[in-house]
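> Pasting a structure below so you can have a look.
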Amino acid sequence: MNQDDGEGPFFNPAPRISAVALPGGSQVVIVDDVLLDPQGLVEWAGSRRFHAPAFPYPGVIAAGPKALSQRLLDFFTQHVRSRLGARRTLEHDVRLSMVCTPPASLEPRQWQCHRDRVSMDPAILYVGSVLYLFRDPALGGTSFYMPRQPPRETDRIVADSQLLDAGAFAARYGLQAGYMDGGNAYFDCVARVPAAWNRMILYDAGFFHSGDVGQPERLTADPATARLTLNAFFSCRRKAR
């Protein structure tokens, strides 16, 4: 399938949809068997040139297929948006990603869970999504976290992870370089969604989360064997309460 020609439906019209509850009334929507031809997208990714992004992602990215991006918006609107409490999509962005940075080379902000984007406007919801395009579940799914301390202290940890060098951050917080794999002294793991071939998860992007990379020695930068994902982000209007 040509991922750019706009031909073909791309998405399964009858996917299997489930959900995992998160604290505070949020949820992770899980869509299995989401693409009709996931292997075609992996092969398309193999022809792309990936690059290190300007933002702190622990790997490389490439632009997602334009035609699939529009179909993903349609799929999100039909099957997922209302489940997450949204009523209208304002913007969306799609990219291919591969986590491949060695643990020792991670920046302090990458040692722990993160939020993709936090809405300062209560009428706006930011939704993140991950589509797993690899067959080896050991490459890791996604975990979700709640802070153990008050918001001001959590904000301080997040800020320090961006400002301090690795040695200073490790000394202050007792953490070390590496991918987060479960909770720590500052965050409780409240849900884990395993990776599965052709599975997409969608969630409130303001909820703390992290990729589960428990075996980083398996990471590669070859789309055929990598922790390849299709990541999308949606800016939405919330439903009226």
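> Excluding ligands, DNA and RNA, what is the solvent-accessible area per residue of region 1-157 at a probe of 1.4 Å, expressed in Å²?
49
> Further, regarding this structure: What is the set of long-range amide H partners of Phe11 at a cut-off below 5 Å, with H atoms built 1.01 Å from backbone N?
Leu36
> Quick one: which of 16-25, 133-142 comes out on top by average Cβ neighbours within 10 Å, and what's the full order, highest first?
Sorting 16-25, 133-142 by mean packing, highest first, produces 133-142, 16-25.
> Continuing with the same structure: Dividing the Cα convex hull volume of region 29-87 by residue count, how many Å³ per residue is that?
Measuring per residue, one finds 137 Å³ for the Cα hull of region 29-87.
> Right, another one. For region 150-159, what does the Karplus curve 6.51 cos²θ - 1.76 cosθ + 1.60, with θ = phi - 60°, yield as ³J(HN,Hα) per residue in whole Hz, taken in order and with x for Gly and Pro?
x, x, 4, 6, 5, 4, 5, 4, 4, 5
> If every alpha-carbon in region 120-240 counts as one equal scatterer, what log10 I(q)/I(0) does Debye give at q = 0.21 1/Å?
With no solvent term, the Cα-only Debye profile gives -1.27.
> Right, something else. Hey, what D do you get for the chain in µm²/s if you plug the Kirkwood alpha-carbon radius into Stokes-Einstein at 37 °C and 0.692 mPa s?
My calculation gives 178 µm²/s for D.
> Just subtract the alpha-carbon distance of Met120 and Thr220 from 0.36 nm times their residue separation and send over the number in nm, one decimal.
This chain segment gains 32.3 nm when fully extended.
> What ³J(HN,Hα) values, in whole Hz, does the Karplus curve 6.51 cos²θ - 1.76 cosθ + 1.60 give for region 93-108 when θ = phi - 60°, with x put for Gly and Pro?
Whole-Hz 3J(HN,Hα) from phi for region 93-108: 9, 9, 8, 8, 9, 9, 6, 8, 6, x, x, 5, 9, 5, 7, x.
> Sticking with this one: First check a/c for region 62-196, with a ≥ b ≥ c the square roots of the eigenvalues of its C-alpha gyration tensor; if it is under 1.5, answer rounded, and if not, answer prolate when a/b is larger than b/c or oblate otherwise.
Cα axes put region 62-196 in the prolate bin.
> Counting only protein heavy atoms and using a 1.4 Å probe, what share of the accessible area of region 49-109 belongs to carbon plus sulfur, as a whole percent?
48
> A further question follows. For region 176-221, go through all pairs of different Cα atoms, get the mean of 1/r, take its inverse, and jot down that Kirkwood value in Å.
Computed over region 176-221, the radius equals 12.7 Å.
> In addition: Got the relative contact order for the chain handy, in percent, Cα pairs under 8 Å and 6 or more residues apart?
It comes to 32 percent, rounded to a whole number.
> Oh, and also: Starting from the Kirkwood radius over alpha-carbon pairs of region 14-133, derive D by Stokes-Einstein at 20 °C in a medium of 1.002 mPa s and give it in µm² s⁻¹.
130
> So who's got an amide H within less than 5 Å of the one on Tyr145, skipping anything under 5 residues away but keeping other chains? H placed 1.01 Å off N, in plane.
Amide H to amide H, under 5 Å and 5 or more residues apart or across chains, Tyr145 pairs with Val190, Phe208, His209.
> What is the helix-to-structure angle for 66-75, meaning the angle in degrees between its Cα long axis and the longest Cα principal axis of the chain, kept from 0 to 90 and rounded to the nearest 10?
So the helix axis and the longest Cα principal axis differ by about 90 degrees.
The values are calculated or read from the model by the stated rules, or taken from the named source; none is laboratory data. Small disclaimer: the values here were computed from a predicted structure and weren't measured. Heads up, the Cβs are rebuilt from the backbone with ideal geometry, glycines too, and the neighbour counts pull from every protein chain shown. The accessibility values were calculated without ligands, DNA or RNA, using every heavy atom of the protein model including side chains. Shrake-Rupley method; radii C 1.70, N 1.55, O 1.52, S 1.80 Å.
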